[in-house]
Amino acid sequence: MRHQPRKRFGQNFLADGGVIAAIVRAIRPVRGERLVEIGPGLGALTRPLLEAVGTMDAIEIDRDLAAALEQELAPRLTVHTADALDVDFAALGDDLRVIGNLPYYISTPLLFHIAHYTGRIRDVHVMLQREVVERMVAAPGDSDYSRLSVMLQYRFQMEKLLDVPAAAFRPVPAVESALVRLMPFTQLPAAARDEALFARLVSAAFSQRRKTLRNSLRAWLAESDFEQAGIEPRSRAQELSVRQFVALADLVSAN
């Protein structure tokens, strides 16, 4: 397939056969499973996945690529010409396995969008900028631990699977990539009473990450609240676990 990569869509196409094979091995697709690929591009990963499962769905924002894939691979491949940020994944079925080489410029909002559908998703395998993956899987106290870490670790178990060099793509991007697996919790280890409030509190805590929680959350909590939750008020956001953030959010909710 001949196609001029479009910068506005952040197109960098996977072109390394060894990397493609490694990704397919990591996903372990089985015939009959419900796969949904985000951004199939030239179909380098689509074809071996489709061969393994028989039929699948793909979401492609580029109309030219969507038309070419549909012409070649329909009816086994159902192509949805759309922005993945606008897709209702619940309409695609249950027990979904979501796969994608995500454009770097929308990776975080797209992950948050997918997180809304954890009840319909078995697992997610996505390729992202390596720095983003390091932030996703970082533990409390790590320099990479961030709002993204907390919000995704609230809903998913995550594992970095493999590094993908820039040379594996055409055109070659300026950054290295990595493949990460996200598996939704069947039951949340720590469920917030008010998830919207929890999200706002985490965002407020990390908006001034160098400040102590006593200062960054002073509009939310009194010093006695931190003591009640068993959290040192001089701690900083990157030192708290997901469970501790939930405890603080629940205190705010109760008050």
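Miscellaneous remarks
- Exclusive hit being farther than 22 Å from L148 by Cβ, among the β-branched types (V, I, T) and out of contact with any strand residue (DSSP E or B) (no Cβ under 6 Å at 6 or more places or on another chain), set T55, T78: T55
- Scope segment 143-158; condition in contact (Cβ under 8 Å) with a residue 40 or more places away in the chain and within 16 Å of the chain's Cα centre (by Cα); matching residues: Y145, S146, R147, L148, V150, M151, L152, Q153, Y154, R155, F156
- When R47, R25 are checked against the criterion of being over 18 Å from R170 (Cα atoms), at pLDDT 95 or above, out of contact with any Asp or Glu (no Cβ under 6 Å at 6 or more places or on another chain) and basic (K, R), a single residue qualifies: R25.
- Unique residue being in contact (Cβ under 8 Å) with a residue 60 or more places away in the chain and either in contact with a Pro (Cβ under 7 Å, 6 or more places away or on another chain) or of a type in the set (A, V, I, L, M, F, W, C) (or both) when the list is L73, L96: L96
- Restricting attention to segment 205-251, the residues that are among the aliphatic types (A, V, I, L, M), more than 28 Å from the chain's Cα centre (by Cα) and closer than 24 Å to L188 by Cα total 3.
- Condition check for R181 on (1) of a type in the set (K, R); (2) out of contact with any Leu (no Cβ under 7 Å at 6 or more places or on another chain); (3) buried (at least 16 other Cβ atoms within 10 Å of the Cβ): one failure, at (2).
- Yes/no for D86 being within 23 Å of R155 (Cα to Cα) and in contact with a strand residue (DSSP E or B) (Cβ under 6 Å, 6 or more places away or on another chain): no
- Close pairs from segment 110-133: first among the polar types (S, T, N, Q), partner part of a strand (DSSP E or B), Cβ under 6 Å, at least 6 apart: T118/P184
- Number of positions in segment 25-47 that are surrounded by fewer than 18 Cβ atoms within 10 Å (Cβ to Cβ) and without any contact (Cβ under 8 Å) to a residue 40 or more places away in the chain: 6
- For the residues L188, L182, L161, L201, the requirement of being more than 19 Å from the chain's Cα centre (by Cα) and touching a residue at least 12 places away in the same chain (Cβ under 8 Å) singles out L201.
The rows are residues; the columns are (1) in contact with a His (Cβ under 8 Å, 6 or more places away or on another chain); (2) exposed (fewer than 15 other Cβ atoms within 10 Å of the Cβ).
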{"residue": "E51", "(1), (2)": "no, yes"}
{"residue": "L69", "(1), (2)": "no, no"}
{"residue": "V79", "(1), (2)": "no, no"}
{"residue": "A90", "(1), (2)": "no, yes"}
{"residue": "I99", "(1), (2)": "yes, no"}
{"residue": "T108", "(1), (2)": "no, no"}
{"residue": "Y117", "(1), (2)": "no, no"}
{"residue": "V124", "(1), (2)": "no, no"}
{"residue": "V137", "(1), (2)": "no, no"}
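The values are calculated or read from the model by the stated rules, or taken from the named source; none is laboratory data. Note that this is a predicted model, so its numbers are computed, not measured. Cβ sites come from the backbone with ideal geometry, for glycine too, and all protein chains shown count toward neighbours.
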